[in-house]
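Inspection log for the structure reproduced underneath, given as structure tokens.
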Amino acid sequence: GRSVRISGGKSGHAIPVTRGPIRKAASENMGVKHRSAIEKLRAFLCSGSEGGALVEIAMTLPILLMVMLGIFRFGIALNNQLTLTQAVGTGAQFLQQIRTNTTDPCADTFAKIRSAAPYLTSSNISITVTMNGTTPSQSGNSCSGAQSNLAQGAPVQVAATYPCNLTIYGANLAPGCLLHAQVTEYEY
């Protein structure tokens, strides 16, 4: 066998070190401590720049994820706004075309808006229809009997609101946020 000088040993003499349990016994007798997994991880993280990089990633990753989630939420709100605007335009054009054939202009317009915006929750859409300068009283999204306000040649105005959700990690960044779209159609 070979003799190896182990620093910190008893009296500094060279002792033979072999494999297996004899080596373990020799190292235990020489004062060498075995580290637990947590101590090894702590030593790895504290030694060199690899640990610093890991700590930097651990500190910046939640902030990066929050920014990315904010961008994602804002993108959804912007898409909902564009969808609502398109649907309100479709509803106003439809109302302008059916002005003489409807008994409930608000319900017919709402049905057209709902079909033009299938990805929006229809129960959250609230519409207001103004016909010939008057806004009839509405029960939900219905104004039965208000077709008398649809005068030939007068403009119709359709407005709608839809709630937006800008909640990130439980924090609502815009409480009470409502998307709003309004279109006025003129008869030519």
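What follows is calculated from the coordinates using simple rules that are stated; it is not laboratory data. No experiment lies behind these values; they were computed from the predicted model shown. Because the Cβ atoms are built from the backbone with ideal geometry, glycine has one as well, and the counts that use them run over all protein chains shown.
Okay, here's what the table says:
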| read-out | value |
| --- | --- |
| Inter-probe distance in nm under a simple model that places probes 7 Å from Cα toward Cβ, at residue 187 and residue 63 | 6.1 |
| Per-pair calculated FRET efficiency, R0 = 41 Å: residue 53 and residue 126 via Cβ, rounded to 0.05 | 0.20 |
| Distance (nanometres) between label positions extended 7 Å along Cα→Cβ at residue 115 and residue 37 | 6.2 |
| Modelled FRET efficiency - R0 45 Å, residue 171 with residue 101, Cβ distances, 0.05 increments | 0.40 |
| Among 56-69, 127-140, the order from most to least packed when residues are scored by Cβ within 10 Å on average | 127-140, 56-69 |
| Whole-Å semi-axes of the stretch 60-188's equivalent ellipsoid (Cα gyration tensor) | 35, 13, 11 |
